[in-house]
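The values are calculated or read from the model by the stated rules, or taken from the named source; none is laboratory data. Because the structure is predicted, anything quoted here is derived from the model rather than measured. Backbone-built Cβ (ideal geometry, glycine too); neighbour counts: all protein chains shown. The area values use the complete protein model at the heavy-atom level, side chains included, leaving out ligands, DNA and RNA. Shrake-Rupley method; radii C 1.70, N 1.55, O 1.52, S 1.80 Å.
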Amino acid sequence: MWFYFFQRIVLAVAIIVIAVTLLFLMIHAVPGDPAAILLGPRATPEMKAQLHQQMGLDKPLVVQIAIFYGGLLQGNLGYDVFSQRPVADIVFEQLPYTVELILVSISWAVAVAVPLGCYSAMRRNSLIDQMVGVVTVATIAIPSFVKAVYALLIFAVTLRWLPAIGAGNSFWDELIHLILPGFAMGFGWVGYISRLVRASMLEVMGENHIRMARSFGISEWRIVARYALPLAILPTVTILGIGIASLLSSAVFIEVVFARPGIGALIVDAVNTRNYPIVMGTVLVTTFLVVVATTLSDLVAAALDPRTRENL
C-alpha cells in the first residue's frame, strides 16, 4: 500500500507540472497584447514596455516558465496586475465558495443516486426501473448551464422561492443561496451515479456469496446494504474523483449564471483581461484539487479492494 501511495504521489506531481506548463504555453499563444488590453487604447509604447517588464513578458518564454516555477517553489504565485496583491491571497479568498458549491452538489447527488441505483437493480426490468432509466439518461443529456438557466427562471424569477444571484451574507443565507446552483451542478450526476451503481449492483448480485446470503433467509435490503453495496460502490468511488474535474468546469458556467464569487468567475475575468498571474494561480490551484481528488479516490478504492494495487 505504501508503494502504491508513493506511485500515486509521483504521478500527481508529474500531472501538475505538465498541466501548468501546457497552460503557460497556451496562454501565451492567445492573440492580443495584454499590456494594450490592461492600459487601454491611449497607452504609449513606453507604458506598454514598462508593463511588459513588470509582468516579465519581455523575457524569453523558457525564462518566464523558470521564473514562475522558481516562485512556486517559494510559495509565491505572483502578483495581480491591477491591485498588486499576492495572487495566492486572491485565489484563496475565492476558493471556499467553489469548494462548498462542489461539496453540496456532489453530496446531494450521491445521497439520491445511490439508493435510486440500488432500488433499480433490485427491481430490474420493472416499470419503475424503466422509468428511472429514462429520467436518469435525460438528466445526463441536459448540459449543466441549461439546467442552471431554467432553474433560475422557474424557482427564482417565476416562483420567487429562492434567491437568484449572490452567495449570501450569513450561514443560513449562504445555504439558501447554494440550493439553486448546487441543484443545477449535481442534477446530472444523479443520473450518472445511479446508472453506474445499478450496473455494478447487477454484477455483484449474481455472485456466489450473495446467493449464499439469500439461502440463509436474509432480507434483500440487508443483503444489498451489507454485502452487495460495499463492492458495487467501488466504481462510483473512483469516478467521483474524476467528477471533481467536471464539477470544476461546470462551476465556471454556474458561477457566472448565478453571479456567485468563486474560482470559475475569477478565471473568466482573468482571461478576459489577460491577467496572466491570476490565470496561472487559479488553474494551478484547480489542477491541484483535481489531482488530490483523483489520488484520494484511487487510494480509497485500493484500500477497499486490494486487487487494484496488484494490477499496477
(message) Just to be sure before I move on: is residue 84 more than 25 Å from residue 264 (Cα to Cα), surrounded by fewer than 17 Cβ atoms within 10 Å (Cβ to Cβ) and not aliphatic (A, V, I, L, M) in the structure I sent?
(response) no
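In this structure, is residue 103 over 16 Å from residue 195 (Cβ atoms), at pLDDT 80 or above and exposed (fewer than 13 other Cβ atoms within 10 Å of the Cβ)?
Considered against the rule, which asks whether it is over 16 Å from residue 195 (Cβ atoms), at pLDDT 80 or above and exposed (fewer than 13 other Cβ atoms within 10 Å of the Cβ), residue 103 comes out as no.
Residue-wise test of (1) over 26 Å from residue 254 (Cα atoms); (2) open to solvent by less than 80 Å² (accessible area, probe 1.4 Å).
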{"residue": "117", "(1), (2)": "yes, yes"}
{"residue": "149", "(1), (2)": "no, yes"}
{"residue": "158", "(1), (2)": "no, no"}
{"residue": "172", "(1), (2)": "no, no"}
(message) Taking the condition of being surrounded by fewer than 17 Cβ atoms within 10 Å (Cβ to Cβ) and among the aromatic types (Phe, Trp, Tyr), how many residues in segment 59-81 meet it?
(response) 1
(request) Being out of contact with any Asp or Glu (no Cβ under 8 Å at 6 or more places or on another chain) and crowded, with 18+ Cβ neighbours inside 10 Å is the filter here, so list the residues in segment 122-147 that pass it. (result) 132, 136, 139, 144, 147
(request) Report those helices (runs of 4 or more DSSP H) wholly inside segment 203-312 carrying at least 2 residues which are modelled with pLDDT of 80 or more and open to solvent by less than 30 Å² (accessible area, probe 1.4 Å). (result) 234-257, 263-272, 276-304
(request) Sort out which residues of segment 82-120 are farther than 23 Å from residue 241 by Cβ and part of a helix (DSSP H, G or I), and write them in order of number. (result) 87, 88, 89, 90, 93, 119, 120
(request) Tell me, please, whether a residue that is closer than 30 Å to residue 196 by Cα and hydrophobic (A, V, I, L, M, F, W, C) can be found in segment 157-174. (result) no
(message) Looking for something of a type outside the set (Ser, Thr, Tyr), open to solvent by 60 Å² or more (accessible area, probe 1.4 Å), modelled with pLDDT under 70 and in a helix (DSSP H, G or I) - is there at least one such residue anywhere in segment 30-48?
(response) yes
(request) Run residue 2 past the list (1) surrounded by fewer than 15 Cβ atoms within 10 Å (Cβ to Cβ); (2) under 27 Å from residue 286 (Cβ atoms); (3) modelled with pLDDT under 70 and report the number of the one that doesn't hold. (result) (2)
(request) With the condition kept exactly as written, say whether any residue in segment 58-79 is out of contact with any Asp or Glu (no Cβ under 8 Å at 6 or more places or on another chain), at pLDDT below 75, among the hydrophobic types (A, V, I, L, M, F, W, C) and farther than 30 Å from residue 171 by Cβ. (result) no
